[in-house]
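Peer 1: Can you read through this structure? Questions will come right after.
Readers should treat all values here as calculations from the given coordinates under stated rules, not as data from a laboratory. It should be emphasised that the depicted structure is a prediction, and the values quoted were computed from it without experimental measurement. Here the Cβ is made from the backbone with ideal geometry for all residues, glycine too, and neighbour counts use every protein chain on show.
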Amino acid sequence: MLFLTKLFSYEKMKDTIKNIVEYNDNKLSKSFAFFIQFLIVLSVITFSVETLPNLKPQTKAILNSIEVFCVVVFTAEYLARIYVAGNKPKFIFSFFGLIDLFAILPFYLSFGLDLRSLRVLRMFRLFRLLKLVRYNRAMRHFAKAMLLAKEQIILFMGVTLVLIYFAAIGIYYFENEAQPEHFSSIFDSLWWSIVTLTTVGYGDVYPITVGGRIFTFFILLIGLGIVAIPTGIISSSLTKVVEPDAEEE
């Protein structure tokens with residue numbers, strides 16, 4: 001009887017925690033979600049303020065205290081989510097599980113590393129921004145759309161890499177003799193290829209031969225398609241994700 005009582009209280013506590021940390025339509029869950037979102041934004045702001053030169057020791061101490069508090073809360077949230085997860089290994093290695101881990105991992109790793117490595121680790125604190133995806137409906141739709149279209153996106157990225165390499169080869173043969181300082185090898189030509197296919201066009205490297213300019217014209221046309229295709233893929237996936245939710249409402 002005592003065992004059943006403990007088991008019941010354990011399950012009740014687990015359900016209570018689950019109703020708080022997992023986004024539901026209850027007041028506690030919404031308050032918790034807003035609190036975590038506030039801490040995410042606050043931690044990103046402190047990360048930016050830390051880069052300001054000549055900060056006073058008092059300011060640094062305040063920023064450090066805010067960081068410690070945020071990490072403690074994020075760690076408690078991460079452990080709570082593992083605790084209530086039905087399949088714990090699946091959650092730990094899921095997208096959101098890894099994001100939650102990377103959001104706190106740099107802080108703990110910094111204790112065992114020197115200051116030079118610490119500067120690199122601080123950059124990974126930006127993973128906390130991805131935690132916002134869990135709490136924002138539009139972001140959740142976008143994440144689902146990306147997962148739905150992952151095969152098409154992977155295929156598109158593969159084709160894009162092939163086109164980038166093809167463009168680098170082409171411009172190399174057209175411009176190598178005329179501009180050996182910019183197109184000394186196919187590897188050097190990759191920079192021009194990437195900038196041109198993405199239609200960025202910095203203007204630091206450009207063709208001067210007639211053949212190179214004609215080749216660039218066709219590459220630019222292909223580049224316009226490269227920009228448009230993923231937009232269509234993601235838009236189609238977003239429509240598929242959003243429509244069922246709209247029908248439920």
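Peer 1: Which of the peptides 227-237, 33-43 is most tightly packed, and how do the rest follow, judged by the mean count of other Cβ atoms within 10 Å per residue?
Peer 2: Peptide ranking by packing, descending: 33-43, 227-237.
Peer 1: Once the Cβ-Cβ distance between N19 and L147 is put in as r, and R0 is 30 Å, what FRET efficiency do you end up with, to the nearest 0.05?
Peer 2: Calculated transfer efficiency: 0.70.
Peer 1: Which peptide among 167-180, 66-79 comes first, and what is the full order, when sorted by highest mean count of other Cβ atoms within 10 Å?
Peer 2: Highest mean packing first, the order is 167-180, 66-79.
Peer 1: Past the 15 angstrom mark, what percentage of all C-alpha to C-alpha distances in the stretch 8-69 do you count?
Peer 2: Working: 1184 of 1891 pairs.
Cα-Cα pairs in the stretch 8-69 separated by more than 15 Å: 63 percent.
Peer 1: For the pairs K30/K240; K30/K88; K27/K90; K14/K60; K18/K240, flag any whose C-alpha to C-alpha distance is greater than 32 Å.
Peer 2: From K30/K240; K30/K88; K27/K90; K14/K60; K18/K240, over 32 Å: K14/K60.
Peer 1: Kindly rank 88-94, 218-224 from highest to lowest mean number of other beta carbons found within 10 Å of each residue.
Peer 2: Output ranking for 88-94, 218-224: 218-224, 88-94.
Peer 1: Could you give the distance between the Cα centres of the stretch 27-93 and the stretch 145-200, to the whole Å?
Peer 2: Computed from Cα coordinates, the inter-centre distance equals 39 Å.
Peer 1: If you don't mind, there's one more thing I want to ask. For the pair K12 and L98, what calculated FRET efficiency results from E = 1/(1 + (r/R0)^6), where r is the Cβ-Cβ distance and R0 = 41 Å, to the nearest 0.05?
Peer 2: 0.85
Peer 1: Taking 0.36 nm per residue of separation and subtracting the Cα-Cα distance, what length does fully extending Y108 through Y202 add? Display every interim value, and only then the final one.
Peer 2: Working: separation 94, 0.36 × 94 = 33.84 nm, distance 4.02 nm.
Separation in residues times 0.36 nm, less the Cα-Cα distance, equals 29.8 nm.
Peer 1: Taking 0.36 nm per residue of sequence separation and subtracting the Cα-Cα distance, how much length would be gained by fully extending the chain between I229 and S48, in nm to one decimal?
Peer 2: Additional length available on full extension: 61.7 nm.
Peer 1: Here is a follow-up. Suppose R0 equals 30 Å. What FRET efficiency, 1/(1 + (r/R0)^6) with r the Cβ-Cβ distance, do S236 and S31 give to the nearest 0.05?
Peer 2: 0.25
Peer 1: Less than 13 Å Cβ to Cβ from G212, Lys/Arg counted +1 and Asp/Glu -1: what total charge do the surrounding residues give?
Peer 2: Its environment carries a net charge of -1.
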